[in-house]
Structures are given as C-alpha cells and as structure tokens.
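The values are calculated or read from the model by the stated rules, or taken from the named source; none is laboratory data. No experiment lies behind these values; they were computed from the predicted model shown. Backbone-built Cβ (ideal geometry, glycine too); neighbour counts: all protein chains shown. Side chains included, ligands, DNA and RNA excluded: accessible areas come from the protein's heavy atoms. Shrake-Rupley method; radii C 1.70, N 1.55, O 1.52, S 1.80 Å.
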Amino acid sequence: MRIIPLSLIGAALLLFPSPPAAAQPEPLTTAERSGFRATSTHAEVLAFIGQLQRSSPLVRVETIAVTAEGREVPMLIIGAPVPASPRALRGDDRAVVYFQANIHAGEVEGKEALLMLAREILAGRTRNYLDRLVILITPDFNPDGNERISPANRTNQNGPDEGVGIRYNGQNLDLNRDGMKLESPEVSGLVARVLNRWDPVFFFDSHTHNGSYHAEPVTWTWGLNPNGDAAIFTYLADRVMPEVNRRMDTEYGTPCIPHGDFLDARDPARGWVPLGPEPRYLSNYVGLRNRLAVLNENYPYVDFESRVRGCFNLCLCFLDHLRENRDEIVDLVAAADERSMKRGLAPGAGDVFVVTTGREAISERITIAAYEMEEVEAGGRTRLRSTDRIRVVEDIPYFARYTPERTIPFPAAYLIPIPDEGVLARLRAHGITVERLLEPVTLEVEEFTVTALTPAARLNQGHYPNTIEGEYARVERDLPAGTLIVTTAQPLGALAAALLEPESDDGLAYWNCFDRYLARQWGGGPMAYPVYRLIRPVPLPTRIIGP
Ligand SMILES: [Zn+2]
C-alpha cells in the first residue's frame, strides 16, 4: 500500500470537503469481467472512468477532442496532487508523461491495459510514480472506430472473441497517418490539448502488429525520423531499449523485443526492420518534436489476456524508468530544444535537413524467439507458413537507424509570400511560431524550381500525395508586407522544416497544401515552389502572429 504524505491528504480534503461516498467498489474492465472474451465499448470506458473519479481524488478528466461523430475523447490526468491545468505545474518538478491506446480500434489490448493501469496506480497497488510524475492517459483515442465492434474485424488476431472495432475514425482516416497533415479532430486535439499544452516529455502509443511470427508477446520501438534530435535517439536505442527489455523479462516476466519484421522471413539471421521513418506516424512525429516517443506493437497471435497483461507490464516498466531517470530525461529534452534554437540562429555547415534515408543497424544486437517457417503450395504459388517449432535467432542486427542519404543545408528561416490562411493555420496548429513581415523588403533568398511534380496514382487518406523534384537557387526577390516568416530558431525548428521543405516525404507540399500555387489551369509547367528559404538569419521588422 502506498503511503500518501499528510500534506497531500490535506490537499485532497480541501478539494473534497465532504469525502466521496465510502467503499465505492473498484471498477473491472470489460475484458476482466468477460474473462477476456470482450473489449470495452466507449460507453463502458466512460463508465469505468466515472467510477475511478468517484473512488479517488487523484484523477481529473479532460476532453482532448470531439470526434467527427460527436464522441468525446477523454484523457485522465493522474497526480498527487492532481493539477488542474499545465499552469498549475509551474515551479513543480514533476515530469508529465502520456500514454494512449486504441488509435486503431481493432488493436484493443492497450485500451484495456491503460484502464487497468489508471485503476492500479490510483489504488496504490503499483510502485509509487506520483511523487515524480504526472501521468496522462487516453485509453480510447478512436471512439468512432471502437463503436464498430464486430467479430468480423481483424479475424487474424487471437481474440477477444466477441470482436473489436475498426482501424479508421469517423472520417475514414487512419489516425496514425495524420501526424503532419492534422486533418482529424483526434490528432489535432492530441497536438493542441496534449502536446502543445501539457508538453509531456514521454509519449506512448499502443498498437497490435501483424507480421513476423515469434514467441514474444510485446514489442516496441521509438521515434525514428533522422531529422529528430540525435541525442534522444541514442538514449532510446542504446540505453532505454536494452534496459526496458531486460527488465520486462526479469521483473515482469514478459518477453519483449524491439518492434519489427524480419528483413527476410526465409533467412531471419539477416536482421529485423522497424516501420519507416515518416512523421505521419505519431511516434516519429513526437520524436521530431524532441520528445521521447514509444510505439508499442503487441503480437497478434498470442491470446488477448496475455496481450493485455503484456502491454500493462510494458507501461509499468516505462513508468519505472521514467520515474528513476526523471531528471536526466527532463534535461535531455530541454537540451534538445536548446540545440534546435541555436541551430536556427546560426546554421552551420554540418546542419542539414535529411531528404532521403538509408538504413543501418543500431549498436545493440537483438535476439528473437522466432517460429520456424515452412513453404506451402497454395493456388499455384509458394507461400510461407508458421510452424509451431521455435528457433531462437540470436544476436541479429536491428536496422532502426535511418541514416542521411541525401541532405540539403538546414535554413535559418522559411518565407511564405502567398496569403494562404490554411497553411498558416496548419503551422500554428502544430505549435510552430509564425511571424508576419511588417513592411516590404528585397532579399536574397533560396528559391526552389520544380522540375517534376508527380501526384500518386492511388488515393491515400483522401489525397493524391505529391512527389516533387527540383533544386534550390539563390535569387533576389521582393517580399510583400504580410509575408509569413517561420524561423527555425525554435524548439519545433525541425518540424517546421519537415512541413515546409518541398521534397519532404511528409510535408505540406506532399499532402497537397500548395497544389494551387504549383500549377495553373490548362497545364503548363510547374511553377516555382511558393516558399523561399533564408540560409542565414536576417533581421527583419516582424510581429509574431497570435497570442
Ligand atoms: Zn496499429
């Protein structure tokens, strides 16, 4: 039983002058009540949260988004004392950490695990985390997808038998592709209400994987985009990964490996590969914002209860690490923000934006208890099928370091002379500081001449995303008053570059935000990209837009 300091009990009594009704029964999750045959509906999630609120003064609930179909996405704030808002944490040395689940509402064990996690922390049955951490928990990030629970969804997955929701939200969008374009209320709410407002040092996003066959029920990886801060990447890859995975095994009895798939299922020794580095994936997006990000992918072919308990244990394991290393982690992200500021003030020869990536192994080698595969003939084709024989593949490379392949110099600022309120709104939605030029100026800038503009052949998330080729050249340009100026001397400088570089594989140009400026009607060659760059900072009369 955790002992609550008297001062905190005093604070709790002040908040609740008449104590809450005694002996409220502790809630059980739908998974627990059903013997792990079912997962919670959104109404059951809300009822569970309500019960937690009636049994503990250490939790508050905030709505971080309202979905396209009108459902509220609740986030629990757990603290001792529980802060009313981020403002209340000024001068408080607790670190804020964030966990979310059910972004793909067919992948449901994280939702059940996070509900259990909140209950166990509030009941004092875990190690004490609340002396050093404020814990934010969003158990059901995609309630619209969750509302479509059916046994017909994700039938490859081993339970729950009574069915799961679907991958998409009420707009038919995949929320784990919305990190950069911010077209969904859920991800926009995450950025506005959680990342920009509470600024958690740690982000955890829970999924269920489909892929390679192995015995470990739990896998995870981290922010992989090479334009993110290298020190944070190194800390996660070299320090946290081995430490957490060893601890999962020794303290929590849960085998755990990095997330990925075999490079070659016929030859597992060749190595293990994670998802790509694009920041449309929220874990990569948060990494690009200089914060520790974790993508949790559980193994779909173990039973539902093992997945729930495995995910629950992984959360505890990260909380252990975050509590024990709080000061180091707070310093690490603050130093990353400062490096970003300094780089933007005086970009040097070594400062680059990575346009295309290669792939290398991280220094730590990994071991996986893989199922042996066998060839079967089906429909005239040879396919691979998992057997039930385990063959441990030892000491193999993990190709989780996306390396710079082609780079361009990192600029001091981007200048946007077009009067496009949509572009402005999107930059500001990310939390990027944008300024407006107060009087016309003539400057030597870098202009990007587009030589090829190729929309994708297939629709993706409601878009035909662009691939843009071309090159920068120095030119003199007249910039009107009102030109938008985004300096990279800000903590989100790398994110600003990833949004505004024309060749970025996940930027605003890729997602069609500049289409109308790139070609007029009746064809004709593509026009110059409507965003200029300044390689060195130039003092200019400007005003920051907005509050
Ligand atoms: Zn997923």
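Where the accessible area of segment 460-524 is counted over protein heavy atoms with a 1.4 Å probe, how much of it, in %, is carbon and sulfur? It is 46 percent, rounded to a whole number. Across T30, T250, the residue with the most accessible area heads the list, and the full order at a 1.4 Å probe is T250, T30. Per-peptide packing, taken as the mean over residues of other Cβ atoms within 10 Å, places 189-201, 440-452, 84-96 in the sequence 189-201, 440-452, 84-96 from highest down. Measuring from a point 7 Å past the Cα of A361 along Cα-to-C-beta, which residues in segment 388-403 have an amide N at less than 14 Å? Of the residues in segment 388-403, 393-401 have backbone N under 14 Å from the label point off A361.
Radius of gyration over Kirkwood radius for segment 421-547, both on Cα atoms: the Rg/Rh ratio is 0.96.
Normalised by 2.2 N^0.38 Å, where N is the number of residues, the C-alpha radius of gyration of segment 148-297 stands at 1.12. Note that segment 224-234 has calculated 3J(HN,Hα) couplings of 10, 6, x, 7, x, 6, 5, 5, 5, 4, 4 Hz, one per residue in order, obtained from phi through the Karplus relation 6.51 cos²θ - 1.76 cosθ + 1.60 (θ = phi - 60°); glycine and proline are x.
On a per residue basis, the chain carries 41 Å² of accessible surface, using protein heavy atoms and a 1.4 Å probe.
A full extension of the chain between T454 and L345 corresponds to an added length of 35.8 nm, given 0.36 nm per residue minus the alpha carbon distance.
Coupling constants for segment 438-446 follow from the phi torsions by the Karplus curve (6.51 cos²θ - 1.76 cosθ + 1.60, θ = phi - 60°), and in residue order they are 8, 9, x, 9, 10, 9, 8, 10, 9 Hz; glycine and proline get x. Between D395 and R197, the contour length at 0.36 nm per residue exceeds the alpha carbon distance by 67.1 nm. The 3J(HN,Hα) values that the Karplus relation (6.51, -1.76, 1.60; θ = phi - 60°) gives for segment 210-219 are, in residue order, 10, x, 4, 9, 8, 8, 6, x, 10, 9 Hz. Gly and Pro appear as x. Between S34 and E471, what is the FRET efficiency for a Förster distance of 41 Å, r being their Cβ-Cβ separation, to the nearest 0.05? The value I calculate is 0.10. Under a Cβ-Cβ cut-off of 14 Å, what is the net charge of the residues other than I390 that fall near it, where Lys and Arg count +1 and Asp and Glu count -1? Result for the local shell: -3. Computed from the C-beta positions of R406 and A230 and an R0 of 22 Å, the FRET efficiency is 0.75 to the nearest 0.05. Across the chain, the relative contact order, built from alpha-carbon pairs under 8 Å that are at least six residues apart, equals 13 percent.
Amide hydrogen proximity for A400: with H placed 1.01 Å from N in the peptide plane, the residues at 5 or more positions away or on another chain lying under 5 Å are I362.
Distances between placed amide hydrogens fall under 5 Å for A519 paired with M527, all partners being 5 or more residues away or on another chain. In this structure the amide hydrogen of R37, modeled in the peptide plane, comes within under 5 Å of no amide hydrogen from residues 5 or more places off or on another chain. Helix-only arithmetic for the chain: the sum of -39500 (n - 2.57) across DSSP H runs with n ≥ 4, divided by the residue total, places the mean residue ellipticity at 222 nm at -7000 deg cm²/dmol. Loop-located trypsin sites (Lys or Arg not before Pro) in segment 358-398 (DSSP state not H, G, I, E or B) with no more than 14 neighbouring Cβ atoms inside 10 Å: R365. One chain, two ends: T382 and D92. Fully extended at 0.36 nm per residue, the span grows by 98.3 nm beyond their Cα-Cα distance. Computed from the C-beta positions of R520 and E69 and an R0 of 45 Å, the FRET efficiency is 0.75 to the nearest 0.05.
For segment 437-507, a Kirkwood hydrodynamic radius built from all Cα pairs, placed in the Stokes-Einstein relation at 10 °C and 1.306 mPa s, yields a translational diffusion coefficient of 110 µm²/s. In the chain, the inverse of the mean reciprocal separation of distinct Cα atoms equals 24.8 Å; this is its Kirkwood hydrodynamic radius. Taking Cα centre as origin and charging only the Cβ of basic (Lys, Arg, +1) and acidic (Asp, Glu, -1) residues, the dipole magnitude of segment 365-406 rounds to 220 debye.
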